[in-house]
Amino acid sequence: MKSFPFFFKLEGVPCLVVGGGEGARHKANLLYKAGANVSLLAKNMHPSTEQFVRDTGIDHLSDSYQKEHLEGFRLVIAAEEDELNRNIAQNARDRGIFVNAVDMPEISDFYFPSIVDRNPITIAIGSGGSSPVLVRHTRAMLETWLPPKLGNLGKLVTSAKDKARQKFPDLDMRRRFWDRHLQGRAAELVYSDRLNEAQSLIDSELEDDEAGSETKLGEVYLVGAGPGDPDLLTFKALRLMQQADVVLYDRLVSPEILEMVRRESELIAVGKGRNIYSITQENINESLADLALQGKRVLRLKGGDPFIFGRGAEELEHLVERGVPFQVVPGITAASGCASYAGIPLTHRNHAQSVRFITGHRVGGELNFDWAEFVKEDQTLVFYMGLNGLEYICNKLLEVGLPSDAPIALVEKGTRSDQRVFVSDISNLPKIVRSAKAEAPTLIIVGSVVKLHDQLNWWGGKQTDA
Ligand SMILES: C[S@@+](CC[C@H](N)C(=O)[O-])C[C@H]1O[C@@H](n2cnc3c(N)ncnc32)[C@H](O)[C@@H]1O
């Protein structure tokens, strides 16, 4: 490490920026935002710098640089031509003033870091001036990874700091208290913009005699994991996956996604595939509540979106009955994922003005719909869980008047690297799918939008068009 990242208090500190260009303005702005007492020395200014000086009311000296200008300043930014910058840097150093020369790390005493600002949390990233582009990329990665409301969590901690110190004079106990809350329900309330509730929770814990114990109420996170491609997870899903104590996951959650769950968490498979009845929905409901009541952060991870053919609501109803707090994170449902990765838009001005999500799961061998409704023009039909009933579905649609050449697609293992797409018409698709031995999960899309697949198909997975 060639430079050390201090956090410097700049409030009221006299700083001089020499130069009137955009580089000078940028640095002056950073110093100004940190509360420094900024002066700008420049005979000529770029219009944006002029505007900045007007807007902020900082001191402006319209003069050519002389070393005497440095008197009284504690920090100097040289934002002029290289030769002049070298002079300024030397003069500043002779006077014991720290100097930064813009884009000249070799003559600078300090560098401006790239900043991720979640006030009061500030992250500074630097490469000692050697790789500004990599610094920018690193910052982008951190920006996406850190919750946008992290700063509010910092404010919550600040507001309860004194009380926590009184309650837990012992540093270790205090640390354990904050560890538990900064990755628990209080933090989640803050991230969901429910600051008052978070504040009350912390207050009541600090007033509670048992607050140091670990057996507090946990929480259930009902999270949609999307259709398979891990890149389709939401930021929030990933964050909760990283902090769960125990994970109950469905059969449809891909192994790559499970890989991203916190290493220390306990993984419990609760998939209820066709003809697998070992784990009932009631068992799952009970387990979720029991684990949360033991104080655990319980992640209920479901394929796609938990509120679309996911029985997520039933699980939540049970949690409500048992007084367990929860939150729901939507996921990309199979219809959106498969349609996008197969190049088949679900709606289109010239093809479909509406879309229906339909279950193809037959109870007692039948699907009790008003099938005639599905024959309307300008709509797209999406059948979930329809692989076994594919022939039945196509026959029903033919019976109620859909033409035998109506376009239809079946997407197998959509969004995954082994995705296959079968495109045909409703009279031929069942036999094509049968001979290709397609396997679940599959999604069926019916409607004229399917015709766009030829043109819009972009995904590199295996393609098997009829
Ligand atoms: C019980 S439903 C769950 C749906 C899920 N909640 C969602 O929003 O996608 C299961 C059905 O979703 C569909 N499905 C889920 N993931 C899929 C994938 N990657 N490719 C194709 N179909 C998928 C299949 O029709 C499967 O039978």
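The values are calculated or read from the model by the stated rules, or taken from the named source; none is laboratory data. Just so you know, these numbers come straight off a predicted model, no measurement behind them. Virtual Cβ from ideal backbone geometry, glycine too; neighbours counted across all protein chains shown. With ligands, DNA and RNA removed, areas are computed over all heavy atoms of the protein, side chains included. Shrake-Rupley method; radii C 1.70, N 1.55, O 1.52, S 1.80 Å.
Note on D103 and F235: with the Förster distance fixed at 22 Å, the Cβ-Cβ geometry gives a FRET efficiency of about 0.05.
Per the 1.4 Å probe, what fraction of the accessible area of region 219-329, in percent, lies on carbon and sulfur atoms? Don't skip to the end; give the middle numbers.
Values: 2620 of 4990 Å².
That share works out to 53 percent.
Extension gain for D179 to Y392 (0.36 nm times residue separation, less C-alpha to C-alpha distance): 71.2 nm. Note on M260 and E317: their simple-model spin labels are 3.1 nm apart, each label 7 Å out from Cα toward Cβ.
Here's how it looks for V17: its modeled amide H is under 5 Å from those of S39, L40, L41, I77, which are all 5 or more places away or on a different chain.
Need the full-extension length gain, F112 to K431, defined as separation in residues times 0.36 nm minus the C-alpha distance. One decimal, nm. Don't skip to the end; give the middle numbers.
On the way: separation 319, 0.36 × 319 = 114.84 nm, distance 6.52 nm.
Full extension from F112 to K431 adds 108.3 nm.
Dimensions of region 335-456 based on its C-alpha atoms, expressed as ranges along the principal axes with the largest first, amount to 34, 34, 21 Å. Percent of Cα-Cα pairs more than 39 Å apart in the chain, please. Every Cα pair in the chain considered, those over 39 Å come to 48 percent. What is the helix-to-structure angle for 312-321, meaning the angle in degrees between its Cα long axis and the longest Cα principal axis of the chain, kept from 0 to 90 and rounded to the nearest 10? Orientation of helix 312-321: about 70 degrees from the principal axis. Which log10 I(q)/I(0) values, to two decimals, does region 150-207 give at q = 0.16, 0.17, 0.18 Å⁻¹ under the Debye formula with one point per Cα? Calculated log10 I(q)/I(0) at the listed q: -0.42, -0.47, -0.53. Seen against the Cα atoms of the chain and their longest principal axis, helix 281-293 is set at about 20 degrees.
Accessible area per residue, 1.4 Å probe, Å², for region 306-432: what's the number?
On the way: 5770 Å² over 127 residues.
Averaged over the residues of region 306-432, the accessible area is 45 Å².
Given Cβ point charges of +1 (Lys, Arg) and -1 (Asp, Glu) and nothing else, what value in debye, to the nearest 20, does the dipole of region 150-207 about its Cα centre take? So the magnitude is around 180 debye. Shown is the FRET efficiency for H137 and E399, computed with R0 = 60 Å from the Cβ-Cβ distance and rounded to the nearest 0.05: 0.55. Which of rounded, prolate or oblate describes region 310-370 when judged by the alpha-carbon gyration tensor and an a/c cut-off of 1.5? Oblate, since a/c reaches 1.5 and b/c is not below a/b.
Solvent-accessible area of L293, all protein chains in place: 80 Å² (probe radius 1.4 Å, heavy atoms, ligands and nucleic acids excluded). Between the amide H of V355 and those of T380, distances stay under 5 Å, these residues lying 5 or more places away or on another chain, with hydrogens modeled in the peptide plane. What's the carbon and sulfur percent of region 114-158's accessible surface, probe 1.4 angstrom, rounded to a whole number? Answer for region 114-158: carbon and sulfur cover 64 percent of the accessible area.
Ordering I284, I115 by accessible area with a probe of 1.4 Å, largest first, what comes out?
Numbers: I284 0, I115 65 Å².
Descending order: I115, I284.
Quick one: putting +1 on the C-beta of Lys and Arg, -1 on the C-beta of Asp and Glu, what dipole do you get for the chain around its Cα centre, in Debye to the nearest 20?
440 debye
Scattering from region 219-329 was approximated by placing one identical point on each alpha carbon and applying the Debye formula without solvent; log10 I(q)/I(0) at 0.09, 0.12, 0.20, 0.22 1/Å stands at -0.19, -0.35, -1.03, -1.27. Phi-derived couplings, Karplus 6.51 cos²θ - 1.76 cosθ + 1.60 at θ = phi - 60°, listed residue by residue for region 354-360: 8, 9, 10, 9, 10, 7, x Hz, with x used for Gly and Pro. Compared with the dominant Cα axis of the chain, that is its longest principal axis, helix 82-94 is turned about 60°.
Find, among the GluC sites (Glu not before Pro) in region 51-147, those assigned to loop by DSSP (not H, G, I, E, B) with at most 14 other beta-carbon atoms within 10 angstrom.
Numbers: sites: E68, E71, E80, E81, E83, E106, E143; in loops: E71, E80, E81.
Passing sites in region 51-147 are E71, E81.
If you roll a 1.4 Å probe over region 335-456 with all protein chains in place, what percent of the accessible area is carbon or sulfur?
Details: 2660 of 5580 Å².
Within region 335-456, the accessible surface is 48 percent carbon and sulfur.
For region 384-425, what is the convex hull (Cα atoms) projected area averaged across all directions, in square nanometres?
Working: hull surface 12.7 nm².
Hull-based average projected area comes out at 3.2 nm².
Placing R0 at 51 angstrom, the Cβ-Cβ distance between L61 and L206 gives a FRET efficiency of 0.45 after rounding to 0.05. Just how large is the dipole of region 14-112 about the Cα centre, in debye to the nearest 20, putting +1 at every Lys and Arg Cβ and -1 at every Asp and Glu Cβ? It works out to roughly 320 debye.
For region 335-456, the share of DSSP beta bridges that are antiparallel, to the nearest 5, is 75%. For the chain, the antiparallel share of DSSP beta bridges with both residues in that region comes to about 35%.
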